[in-house]
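> Quick one: this structure, given as structure tokens, is what I'll be asking you about.
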Amino acid sequence: MTPKRITREDIREMVRQATVVHDSVRAEMLAPHPRKIAPRFTATQIAEIVGIDRVKVDNKLRSPQYPVGQIALGKRRRTFDLAETREIVARLDSFPKREAGTPGFTMSCVNFKGGSTKTSTVFNLAQGLALRGRKVLLIDLDPQASASTLTGLMPHTELSEADTAGLLYSMDTGDAQPDLNYAIRKTYWDGLDIVPSCGSLNSAELILPQMAANPKRDWWNVLNEALATHRLEYDYILIDTAPSLSYLAVNAAYASDGLLMPLPPEQLDFSAALVFWDMVLELMDSIYTARGVEKDFKFIGVVLSKVTTRPVSVMMKGFIQRAFTQYVVTTEIPASEANTISGLTFGTIHDLVDDDGVARATTKLRQGFDRLVDLVDSSAVANNWGA
Ligand SMILES: Nc1ncnc2c1ncn2[C@@H]1O[C@H](COP(=O)(O)OP(=O)(O)OP(=O)(O)O)[C@@H](O)[C@H]1O
Ligand SMILES: [Mg+2]
């Protein structure tokens with residue numbers, strides 16, 4: 001008997017079937033809202049964001065210049081939507097503003113080990129910075145499109161290459177775009193815009209090596225050049241990259257003022273991180289040797305992620321701190337079930353509302369991200385943003 005072979009047609013059928021199931025699961029999870037909506041915020045939460053006493057915030061909110069919010073039927077607390085929250089935060093004037101003409105800060109989340117929490121980290125960071133009133137552009141440079149999915153988009157069925165950063169890398173001069181204006185879209189999270197991704201972005205990985213073969217093309221610099229105008233508009237441009245040192249990831253790094261590497265304290269992650277930085281260095285050396293181009297960064301941060309109190313995790317943390325010294329940032333992201341709860345609803349910890357019944361379970365994770373937001377924002381301000 002000839003063993004059965006799995007053909008292209010079988011795979012086509014598998015993809016068709018999986019797409020139907022995936023999209024209906026997503027619709028069920030997000031019901032009754034087919035698109036995501038951001039949670040509402042209380043005065044207490046706003047006081048926490050700006051680090052001001054709750055009573056002071058209450059007093060300010062009595063002034064007619066401030067948004068009035070809403071009291072839901074049967075509830076006592078007044079709540080504010082995200083746009084109102086951002087307006088209140090801006091009026092309270094707790095965070096130094098970026099001056100007009102100063103470029104915003106661009107940072108890529110990198111690590112070629114899969115599942116090291118790049119997407120979760122960069123997305124929470126984007127949400128947290130927007131909550132502070134910052135204007136954030138998130139560029140999804142990973143064809144897996146996880147960050148895009150977190151905004152409620154359905155990359156597989158809704159998006160094509162023309163919706164992604166892919167047109168920056170088009171060989172067809174008719175299609176090629178000089179900047180990302182064509183692809184920037186608003187998200188459900190006020191203050192956060194996205195350039196989404198989808199599987200077709202992977203074609204850039206085939207085109208970039210062809211560009212690299214042409215000594216006249218600065219293949220590593222395509223995204224950097226495309227971001228010039230956007231930097232003046234956004235306080236932050238954050239880039240989510242694929243789990244590889246791909247051509248696109250190199251483009252992200254060369255466009256960035258900062259690199260953030262989330263690193264779970266596990267043996268294999270630690271070893272892979274070392275290989276990653278070694279490869280980054282080799283690449284920077286080769287671009288310098290071949291083209292005489294230098295690159296430096298204002299910020300490089302290794303953030304311990306999915307940290308547990310298990311002895312092996314504590315031991316690995318010690319090794320990582322000894323190995324990466326001053327680059328290990330002073331905050332860490334704990335491993336948390338809460339992430340799984342929010343993950344189930346195509347969201348992050350920032351998407352959970354108080355009455356989701358998980359508030360206590362989320363506290364540590366929230367605190368970890370709050371500190372990371374503070375650390376990145378303080379660093380950008382102290383280093384005069386992307387100037
Ligand atoms: N703090 C956390 N605690 C526990 N699990 C987490 C935490 N943060 C993220 N995760 C889970 O870890 C998995 C990987 O996270 P994520 O997708 O953010 O990683 P990634 O580095 O972007 O992955 P990839 O390399 O595939 O792009 C996800 O299932 C996510 O829900
Ligand atoms: Mg990811």
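> Restricting to segment 80-114, name every residue that is surrounded by 20 or more Cβ atoms within 10 Å (Cβ to Cβ) and not in a loop (DSSP other than H, G, I, E, B).
Within segment 80-114, PHE80, LEU82, THR85, ARG86, ILE88, VAL89, LEU92, PHE105, THR106, MET107, SER108, CYS109 qualify.
> Being among the small types (Gly, Ala, Ser) and modelled with pLDDT under 95 is the filter; apply it to segment 205-236 and report the residue that is farthest from VAL136 (Cα to Cα).
That would be ALA213.
Yes/no per residue for (1) under 19 Å from the mean Cα position of the chain (by Cα); (2) closer than 27 Å to LYS298 by Cβ; (3) within 16 Å of ligand 2 (Cβ to nearest atom); (4) of a type in the set (D, E, K, R):
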position	(1), (2), (3), (4)
ASP163	yes, no, no, yes
ALA176	no, no, no, no
ASP179	no, yes, no, yes
ILE207	no, no, no, no
ASN214	no, no, no, no
ASP218	no, yes, no, yes
GLU233	yes, yes, no, yes
ASP240	yes, yes, yes, yes
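> Taking the stated definitions as given, is SER197 closer than 18 Å to ALA249 by Cβ and in contact with an Asp or Glu (Cβ under 6 Å, 6 or more places away or on another chain)?
Details: closer than 18 Å to ALA249 by Cβ: yes; in contact with an Asp or Glu (Cβ under 6 Å, 6 or more places away or on another chain): yes.
Yes.
Yes/no matrix, rows are residues, columns are (1) under 20 Å from GLY258 (Cβ atoms); (2) part of a helix (DSSP H, G or I); (3) at pLDDT below 85:
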residue: THR309; (1), (2), (3): no, no, no
residue: VAL314; (1), (2), (3): no, yes, no
residue: GLY318; (1), (2), (3): no, yes, no
residue: GLU332; (1), (2), (3): yes, no, no
residue: THR340; (1), (2), (3): no, yes, yes
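> Identify, please: which residue in segment 1-43 is among the hydroxyl-bearing types (Ser, Thr, Tyr) and within 26 Å of the chain's Cα centre (by Cα) and is, among those, nearest to GLU84 (Cα to Cα)?
It comes out as THR42.
> In this structure, does ALA126 turn out to be touching a Phe, Trp or Tyr at 6+ places or on another chain (Cβ under 8 Å), open to solvent by less than 30 Å² (accessible area, probe 1.4 Å), assigned by TED's automatic domain parsing to the domain that holds ALA249 and within 16 Å of ligand 1 (Cβ to nearest atom)?
yes
> Could you say which residue among GLY174, GLY152 is open to solvent by less than 20 Å² (accessible area, probe 1.4 Å) and part of a loop (DSSP other than H, G, I, E, B)?
On the way: GLY174 fails: open to solvent by less than 20 Å² (accessible area, probe 1.4 Å).
Being open to solvent by less than 20 Å² (accessible area, probe 1.4 Å) and part of a loop (DSSP other than H, G, I, E, B) holds for just one of GLY174, GLY152, which is GLY152.
> Still on this structure: Do the conditions hold for PHE112, that is, is it within 16 Å of ligand 2 (Cβ to nearest atom), touching a residue at least 60 places away in the same chain (Cβ under 8 Å), of a type in the set (A, V, I, L, M, F, W, C) and farther than 30 Å from VAL50 by Cβ?
yes
> Being in contact with a Lys or Arg (Cβ under 9 Å, 6 or more places away or on another chain), among the hydroxyl-bearing types (Ser, Thr, Tyr), closer than 30 Å to VAL222 by Cα and assigned by TED's automatic domain parsing to the domain that holds SER116: is that true of TYR327 here? Don't jump to the end; show me each part of the working.
Details: in contact with a Lys or Arg (Cβ under 9 Å, 6 or more places away or on another chain): no; among the hydroxyl-bearing types (Ser, Thr, Tyr): yes; closer than 30 Å to VAL222 by Cα: yes; assigned by TED's automatic domain parsing to the domain that holds SER116: yes.
No, not satisfied.
> Within segment 2-15, can one find any residue that is in contact (Cβ under 8 Å) with a residue 24 or more places away in the chain and either open to solvent by 40 Å² or more (accessible area, probe 1.4 Å) or touching a Phe, Trp or Tyr at 6+ places or on another chain (Cβ under 6 Å) (or both)?
So far as segment 2-15 goes, no, none of its residues is in contact (Cβ under 8 Å) with a residue 24 or more places away in the chain and either open to solvent by 40 Å² or more (accessible area, probe 1.4 Å) or touching a Phe, Trp or Tyr at 6+ places or on another chain (Cβ under 6 Å) (or both).
> Conditions first: (1) open to solvent by less than 10 Å² (accessible area, probe 1.4 Å); (2) in contact (Cβ under 8 Å) with a residue 40 or more places away in the chain. THR164 passes all but one, so which condition is the exception?
(2)
The values are calculated or read from the model by the stated rules, or taken from the named source; none is laboratory data. Owing to the predicted nature of the structure, the values given are computational and were not obtained by experimental measurement. Here the Cβ is made from the backbone with ideal geometry for all residues, glycine too, and neighbour counts use every protein chain on show. We work out accessible area using only protein heavy atoms, side chains counted, and drop any ligands, DNA or RNA first. Shrake-Rupley method; radii C 1.70, N 1.55, O 1.52, S 1.80 Å.
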